[in-house]
Amino acid sequence: MAKTITIEMADDGTVMVSTSEGGEPYMCESIAECRQYVDNMLAEEAGEGSQEQSMEGPEEYGQMWNEEAASRKPQPGLMA
(Lines give C-alpha, C1' and ligand atoms only; values in the text may rest on other atoms or scores of the structure.)
Protein backbone atom coordinates (compact mmCIF):
# COMPACT_ATOMS: atom_id res chain seq x y z
CA MET A 1 0.00 0.00 0.00
CA ALA A 2 1.37 3.40 -0.96
CA LYS A 3 1.88 6.08 1.65
CA THR A 4 2.24 9.80 0.98
CA ILE A 5 4.45 11.98 3.15
CA THR A 6 3.70 15.71 2.88
CA ILE A 7 6.01 18.48 4.06
CA GLU A 8 4.34 21.88 4.30
CA MET A 9 6.24 25.13 4.77
CA ALA A 10 4.16 28.11 5.91
CA ASP A 11 4.98 31.73 5.05
CA ASP A 12 6.03 32.31 8.67
CA GLY A 13 8.70 29.60 8.40
CA THR A 14 6.95 26.83 10.34
CA VAL A 15 7.34 23.36 8.84
CA MET A 16 4.91 20.47 9.25
CA VAL A 17 5.12 16.81 8.20
CA SER A 18 1.96 14.76 7.70
CA THR A 19 1.22 11.37 6.17
CA SER A 20 -1.66 9.87 4.24
CA GLU A 21 -2.26 7.58 7.24
CA GLY A 22 -3.74 10.52 9.14
CA GLY A 23 -3.03 11.43 12.73
CA GLU A 24 -1.63 14.67 14.07
CA PRO A 25 0.94 16.37 11.84
CA TYR A 26 4.47 16.63 13.21
CA MET A 27 5.57 20.23 13.78
CA CYS A 28 9.28 20.80 13.17
CA GLU A 29 11.38 23.40 14.96
CA SER A 30 13.77 23.58 12.00
CA ILE A 31 14.34 22.27 8.47
CA ALA A 32 17.11 20.01 9.82
CA GLU A 33 14.72 18.48 12.37
CA CYS A 34 12.13 17.87 9.65
CA ARG A 35 14.68 16.17 7.41
CA GLN A 36 15.80 13.94 10.29
CA TYR A 37 12.17 13.09 11.13
CA VAL A 38 11.34 12.12 7.53
CA ASP A 39 14.62 10.20 7.25
CA ASN A 40 13.77 8.22 10.39
CA MET A 41 10.23 7.61 9.13
CA LEU A 42 11.50 6.22 5.82
CA ALA A 43 14.11 4.04 7.55
CA GLU A 44 11.40 2.70 9.85
CA GLU A 45 9.14 1.86 6.91
CA ALA A 46 11.95 0.02 5.12
CA GLY A 47 12.76 -1.96 8.28
CA GLU A 48 9.16 -2.95 8.96
CA GLY A 49 8.65 -4.07 5.36
CA SER A 50 11.54 -6.51 5.49
CA GLN A 51 10.33 -8.03 8.78
CA GLU A 52 6.78 -8.52 7.48
CA GLN A 53 5.01 -7.02 10.48
CA SER A 54 1.87 -6.19 8.56
CA MET A 55 -0.42 -6.06 11.60
CA GLU A 56 1.97 -4.65 14.23
CA GLY A 57 3.72 -1.95 12.18
CA PRO A 58 0.99 0.72 11.85
CA GLU A 59 -0.10 0.34 15.50
CA GLU A 60 3.46 0.70 16.78
CA TYR A 61 4.03 3.70 14.53
CA GLY A 62 0.84 5.34 15.76
CA GLN A 63 1.85 4.79 19.37
CA MET A 64 5.31 6.27 18.72
CA TRP A 65 3.68 9.23 16.94
CA ASN A 66 1.39 9.87 19.94
CA GLU A 67 4.29 9.62 22.40
CA GLU A 68 6.29 12.11 20.35
CA ALA A 69 3.30 14.46 20.09
CA ALA A 70 2.76 14.31 23.87
CA SER A 71 6.38 15.29 24.52
CA ARG A 72 6.25 18.37 22.28
CA LYS A 73 5.26 21.77 23.64
CA PRO A 74 1.89 23.11 22.44
CA GLN A 75 1.94 25.67 19.65
CA PRO A 76 -1.27 27.66 20.12
CA GLY A 77 -0.76 29.80 17.00
CA LEU A 78 -1.25 26.82 14.68
CA MET A 79 -4.57 25.51 13.44
CA ALA A 80 -5.31 21.85 14.10
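The values are calculated or read from the model by the stated rules, or taken from the named source; none is laboratory data. Keep in mind that this is a model prediction, so the values were computed, not measured. Virtual Cβ from ideal backbone geometry, glycine too; neighbours counted across all protein chains shown.
Pairing residues of the range 15-35 that are without any contact (Cβ under 8 Å) to a residue 40 or more places away in the chain with residues that are among the small types (G, A, S) and in a strand (DSSP E or B), at Cβ distances under 7 Å and at least 6 apart in sequence or on separate chains, gives P25/S18.
For the range 45-61, a residue qualifies if it is within 19 Å of A2 (Cβ to Cβ) and either more than 16 Å from the chain's Cα centre (by Cα) or at pLDDT 65 or above (or both), and the qualifying residues are E45, A46, G47, G49, S50, E52, Q53, S54, M55, Y61.
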